[in-house]
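What follows is one structure encoded as structure tokens, with my remarks underneath.
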Amino acid sequence: MSGTVPKAPERHWSVGTAPGIFPFLGHGIALFRQPLDFVNSLPAHGDLVEIRLGPRRAWVVCHPELVQRMLRDTRTFDKGGPLYERLGALMGDGIVTCPDAEHRRQRRLLQPAFRPARVAEHTELMAEEAESLCHGWRAGQRVGVSADMLGLTTRVISRVLFSDSLDAGTTAAEIRSCLATVVRGLFVRTAVPVDALFRVPTPANRRYRHAVDRVHAIVDAAIAERRRGVPRDDLLGTLLEAARGDNGEAAVTDREVHDQLVSLLLTGAESPALCLASALGLLAVHPEAERRLHAEVDTVLDGRRRLVPSDLPRLVYTRSVVTETLRHRPPGWLFTRVTTRETDFAGCRLPRGSTVLYSPYLLHHDPTSFPDPDRFLPDRWLPRQDSPARRDAMIPFAAGSRKCVGDTFAMAETTVALATIAAHWRLRHPPGPVEPPRPGATLGPRSLVMTCEPRASEPAGAPPRAHAPRATATPRAADSRSAGDNGVDDT
Ligand code: HEM
């Protein structure tokens with residue numbers, strides 16, 4: 001008898017083509033006009049579905065098992081394709097865009113700054129920034145939630161990267177506005193990757209170019225200022241140390257220092273801001289979820305105004321709200337890869353250089369993985385009802401070695417910010433229709449405006465105190481290790 005375990009037979013995957021290809025633009029119009037509907041229509045045509053991005057053939061991977069395979073085979077499915085080609089022009093060869101061959105070294109350099117112990121050290125500055133935002137709001141005021149969340153996350157990531165080398169107020173505001181322009185421009189360049197269109201000096205193309213140039217200039221100014229000033233224990237400090245070769249490794253180039261900072265600044269600000277804006281918008285139309293969030297926050301804060309790091313494990317429901325928001329409206333909803341060699345995938349022969357896409361939104365809205373997928377149900381994550389199939393399908397931070405380096409940081413930041421806002425304010429949609437999610441390069445409300453209602457009966461104009469403790473079912477600490485988790489492992 002041989003000792004070898006019989007290999008499970010390869011399952012039969014279905015391969016199809018999406019209907020409705022337009023000459024020259026391909027599926028660009030559908031992808032641009034109704035991106036979420038278009039993406040969600042694809043599984044009906046197969047587990048791997050051919051589409052056209054402009055004139056270019058591309059394949060969308062629609063089954064969670066295949067997506068996991070693709071994400072874990074980074075030698076064959078490398079960063080590339082229209083999204084990463086455009087991001088490369090912005091972020092150079094930094095960690096987000098670099099090819100697989102470069103990635104391991106870069107990840108080793110940056111990962112320590114995002115380990116849980118470092119993230120815990122940043123919790124206080126996250127709470128401080130969130131509280132300062134809440135203090136700036138007034139009862140009855142209409143606040144630009146999308147803009148304020150982007151301002152908040154830009155300030156937080158700027159402090160983590162540069163300490164005080166960037167003027168937190170004015171520069172963060174400028175970065176915020178550049179980021180909004182860049183993200184808008186990136187998506188149209190991904191859906192219709194025809195460079196000639198974007199070289200025409202239209203006002204939109206000029207705005208995009210100007211925003212990109214300003215982000216580079218701001219980062220260069222911060223690096224120059226630090227080089228003239230005192231060393232600091234922040235990410236810029238780590239990178240400058242690596243540029244001097246002080247860490248025992250080959251010195252990284254000045255170009256790389258710049259590229260890493262631009263990469264982390266943009267990714268670190270955009271997605272958490274969209275997650276927060278989405279969560280606040282959703283809570284306002286899900287009163288039971290909002291009530292339970294408020295009850296938990298009141299109990300955990302117990303009359304204090306500022307969160308401390310040890311509060312985080314007890315904010316189990318708050319974390320479930322964040323996790324469900326990331327499922328329902330994943331800020332990163334569509335990504336591209338390119339094949340580095342000819343490969344057999346799902347029974348289909350993909351030539352070298354093929355564009356392959358995957359969409360967290362598509363997997364998160366598959367009813368076999370998440371029953372009733374269009375409903376916002378934080379209870380899905382309370383207590384954890386885990387299954388391998390669901391773990392494969394829940395990929396707000398992707399998977400494999402290119403999984404988001406900031407996942408722990410982002411979960412902490414959004415949980416802290418949401419809890420802090422919930423302790424001070426209830427946000428309401430103004431009368432009229434609620435803005436539907438508008439996907440671009442990322443997904444989430446881009447111009448959400450809401451009205452501030454004090455949580456307690458405080459005089460108008462003064463931010464209210466956090467509520468006194470209320471009887472509520474605070475989950476036991478033992479539950480908090482698993483409940484409200486994002487269900488994605490760390491590999
Ligand atoms: C809710 C917030 C966030 C979400 C949903 C998110 C999502 C993602 C996703 C899906 C990827 C993989 C993209 C792909 O497969 O092509 C990614 C990569 C990345 N994210 Fe995040 N992200 C978030 C916050 C952050 C933060 C706060 C940072 C830190 C500054 C960050 C830095 C990065 C970096 C550097 C990568 C590239 C990692 C690598 O290739 O090694 N992200 N993110």
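Apart from one condition, residue 437 fits all of (1) open to solvent by less than 30 Å² (accessible area, probe 1.4 Å); (2) within 16 Å of the ligand (Cβ to nearest atom); the exception is (1).
Quick one: in the range 91-132, which of the residues that are over 28 Å from residue 186 (Cβ atoms) and surrounded by 19 or more Cβ atoms within 10 Å (Cβ to Cβ) is nearest to the ligand (Cβ to nearest atom)? Going through the qualifying residues, I end up with 123. When restricted to residues that are of a type in the set (D, E, K, R), within 11 Å of the ligand (Cβ to nearest atom) and assigned to a helix (DSSP H, G or I), the range 392-420 contains 3.
Taken together, the residues in the range 43-86 that are under 19 Å from residue 197 (Cα atoms) and in contact with a helix residue (DSSP H, G or I) (Cβ under 7 Å, 6 or more places away or on another chain) amount to 5.
Condition (residue is open to solvent by 20 Å² or more (accessible area, probe 1.4 Å), within 19 Å of the chain's Cα centre (by Cα), in contact (Cβ under 8 Å) with a residue 60 or more places away in the chain and under 18 Å from residue 274 (Cβ atoms)) applied to the range 168-179: is it met by at least one residue?
Yes, the range 168-179 contains at least one residue that is open to solvent by 20 Å² or more (accessible area, probe 1.4 Å), within 19 Å of the chain's Cα centre (by Cα), in contact (Cβ under 8 Å) with a residue 60 or more places away in the chain and under 18 Å from residue 274 (Cβ atoms).
Of all the residues in the range 378-391, those that are open to solvent by less than 50 Å² (accessible area, probe 1.4 Å) and either within 16 Å of the ligand (Cβ to nearest atom) or modelled with pLDDT of 95 or more (or both) number 2. Check whether at least one residue in the range 316-333 is in contact with a helix residue (DSSP H, G or I) (Cβ under 7 Å, 6 or more places away or on another chain), farther than 30 Å from residue 35 by Cβ and open to solvent by less than 50 Å² (accessible area, probe 1.4 Å), and report yes or no. Yes - at least one qualifying residue is present in the range 316-333.
With respect to residue 196, determine if the residue is free of Cβ contacts under 8 Å to residues at least 60 places away in the same chain and either of a type outside the set (Val, Ile, Thr) or on the phi < 0 side of the Ramachandran plot (or both).
Values: free of Cβ contacts under 8 Å to residues at least 60 places away in the same chain: yes; either of a type outside the set (Val, Ile, Thr) or on the phi < 0 side of the Ramachandran plot (or both): yes.
It is true that residue 196 is free of Cβ contacts under 8 Å to residues at least 60 places away in the same chain and either of a type outside the set (Val, Ile, Thr) or on the phi < 0 side of the Ramachandran plot (or both).
What are the pairs, 6+ residues apart or on separate chains, where a residue within the range 340-356 that is over 9 Å from residue 48 (Cβ atoms) has its Cβ under 7 Å from a residue that is among the hydroxyl-bearing types (Ser, Thr, Tyr) and modelled with pLDDT under 95? As it stands, the answer is 355/336, since those pairs meet every condition given.
Just wondering, is there one or more residues in the range 187-203 that are outside any helix (DSSP H, G or I) and either touching an Asp or Glu at 6+ places or on another chain (Cβ under 9 Å) or acidic (Asp, Glu) (or both)? Don't jump to the end; show me each part of the working.
Going through the range 187-203, the residues outside any helix (DSSP H, G or I) turn out to be 192-194, 200-202.
Among the residues that remain, those that are also either touching an Asp or Glu at 6+ places or on another chain (Cβ under 9 Å) or acidic (Asp, Glu) (or both) are: 193.
Yes.
Scanning the range 180-219 for residues that are open to solvent by less than 80 Å² (accessible area, probe 1.4 Å), among the basic types (Lys, Arg) and more than 21 Å from residue 155 (Cα to Cα) yields a single hit, 189. Restricting attention to the range 347-364, which residues are within 11 Å of residue 61 (Cβ to Cβ) and either open to solvent by 10 Å² or more (accessible area, probe 1.4 Å) or modelled with pLDDT under 95 (or both)? Matches in the range 347-364: 348 only. Residue pairs whose Cβ atoms lie under 8 Å apart, separated by 6 or more positions or on different chains, with the first residue in the range 298-324 and farther than 17 Å from residue 129 by Cα and the second open to solvent by 30 Å² or more (accessible area, probe 1.4 Å) and in a helix (DSSP H, G or I), are 300/314; 313/477; 314/477; 316/479; 317/292; 320/379.
Within the range 62-108, the set of residues being among the β-branched types (Val, Ile, Thr) and over 18 Å from residue 405 (Cα atoms) comprises 67, 76. Taking (1) farther than 22 Å from residue 273 by Cα; (2) modelled with pLDDT of 95 or more; (3) within 16 Å of the ligand (Cβ to nearest atom); (4) open to solvent by 10 Å² or more (accessible area, probe 1.4 Å) in turn, residue 342 satisfies each apart from (3).
Considering only residues that are open to solvent by 30 Å² or more (accessible area, probe 1.4 Å) and either in contact with a helix residue (DSSP H, G or I) (Cβ under 9 Å, 6 or more places away or on another chain) or within 14 Å of the ligand (Cβ to nearest atom) (or both), which ones fall in the range 252-298? Give the steps one after another, and end with the answer.
Let us first name the residues in the range 252-298 that are open to solvent by 30 Å² or more (accessible area, probe 1.4 Å), namely 253-255, 267, 271, 285-288, 291-292.
Correct list: 253, 254, 267, 271, 286, 292.
Highlighted here are the strands (runs of 3 or more DSSP E) found entirely within the range 8-101 that include at least 3 residues which are closer than 30 Å to residue 252 by Cα: 77-79. When 83, 66 are checked against the criterion of being aliphatic (A, V, I, L, M), open to solvent by less than 30 Å² (accessible area, probe 1.4 Å) and either free of Cβ contacts under 8 Å to residues at least 12 places away in the same chain or away from the ligand (no atom under 13 Å from the Cβ) (or both), a single residue qualifies: 66. Contact map, the range 388-413: residues that are of a type in the set (Phe, Trp, Tyr) paired with residues that are near the ligand (Cβ under 6 Å from one of its atoms), Cβ distance under 6 Å, separation 6+ or inter-chain. Pairs shown: 397/404.
Quick check, is residue 372 out of contact with any Leu (no Cβ under 9 Å at 6 or more places or on another chain), surrounded by fewer than 20 Cβ atoms within 10 Å (Cβ to Cβ) and among the acidic types (Asp, Glu)? Break it down into steps so the answer makes sense when it comes.
Details: out of contact with any Leu (no Cβ under 9 Å at 6 or more places or on another chain): yes; surrounded by fewer than 20 Cβ atoms within 10 Å (Cβ to Cβ): yes; among the acidic types (Asp, Glu): yes.
Considered against the rule, which asks whether it is out of contact with any Leu (no Cβ under 9 Å at 6 or more places or on another chain), surrounded by fewer than 20 Cβ atoms within 10 Å (Cβ to Cβ) and among the acidic types (Asp, Glu), residue 372 comes out as yes.
Residues of the range 203-211 include none that is in contact (Cβ under 8 Å) with a residue 40 or more places away in the chain and within 14 Å of residue 87 (Cβ to Cβ). Can you spot a residue in the range 85-96 that is of a type in the set (Asp, Glu) and at pLDDT below 90? Yes - at least one qualifying residue is present in the range 85-96.
Only one of these conditions is not met by residue 242: (1) open to solvent by less than 10 Å² (accessible area, probe 1.4 Å); (2) within 25 Å of the chain's Cα centre (by Cα). Which number is it? Of the numbered conditions (1) open to solvent by less than 10 Å² (accessible area, probe 1.4 Å); (2) within 25 Å of the chain's Cα centre (by Cα), the odd one out for residue 242 is (2).
The values are calculated or read from the model by the stated rules, or taken from the named source; none is laboratory data. Since the structure is predicted, the reported quantities are computational estimates derived from the model, not experimental observations. Here Cβ is always computed from backbone atoms with ideal geometry, including for glycine, and neighbour counts include all displayed protein chains. Surface areas here come from the heavy atoms of the whole protein model, side chains and all, with no ligands, DNA or RNA. Shrake-Rupley method; radii C 1.70, N 1.55, O 1.52, S 1.80 Å.
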